[in-house]
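The values are calculated or read from the model by the stated rules, or taken from the named source; none is laboratory data. This structure is a prediction, so every number in the text was calculated from the model and none was measured. All Cβ positions, even for glycine, are placed from backbone atoms using ideal geometry, and neighbour counts span all protein chains on display. Keep in mind that these areas ignore ligands, DNA and RNA; they rest on the heavy atoms of the full protein, side chains included. Shrake-Rupley method; radii C 1.70, N 1.55, O 1.52, S 1.80 Å.
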Amino acid sequence: MAKKPARVPDTALKAPNKKQTRFIESQHNDNKPVWRFSTTDKAGPFPWPKGGMDELKIVVKLHDFDSMTWSDIAGSDHHYLSPESLSKKAIDRLEEIKKDDEAENLFSFHLAGKPRIIAIKHDNIAKLLWYDPDHLVAISKKKNT
């Protein structure tokens, strides 16, 4: 008689939860970032700039990050955004562009002062999404930000 295969526990078949996903992703923290520009949102309240000084500042900043690892980048200035911290405009735009399921993967890069770059981060890939010159995607309670 053939031996029965071992039963795979149901928990092994489930997709990882957000906490597990962040742990799995933390294994990629020693990798350098990879930028995806094809994902930029060119409309809505936080459009990606179309040339000019803003775009140049972004490219220069992303170039600076290229030599760093995600462990070097992540901290108080550059961090994940909690879905609860998102403004109504940001939530509405995510729904409009059908990316509301990515709210927990939004990562904010601080440029200087108020401006931010918002990306959808997966592993070491940053899918660039928004340019937020007035820090309105996630309202900060800190002074002068």
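A few points about this structure:
- Gyration tensor (alpha-carbon) shape descriptor, the range 70-145, a/c threshold 1.5: oblate
- Placing dummy labels 7 Å off each Cα toward the beta-carbon, the span from His122 to Asp92 is 2.8 nm.
- Protein heavy-atom accessible surface, 1.4 Å probe, per residue over the range 78-145: 50 Å².
- Accessible carbon and sulfur surface of the range 24-114 relative to its total accessible area, %, 1.4 Å: 53 percent
- Net +/- balance of residues flanking Ala112 in space, Cβ distance below 9 Å, scoring K and R +1, D and E -1: +3
- One chain, two ends: Asn31 and Met53. Fully extended at 0.36 nm per residue, the span grows by 5.0 nm beyond their Cα-Cα distance.
- Note on the range 31-110: Lys pairs 8 or more places apart or on different chains, Cα atoms under 24 Å apart, count 17.
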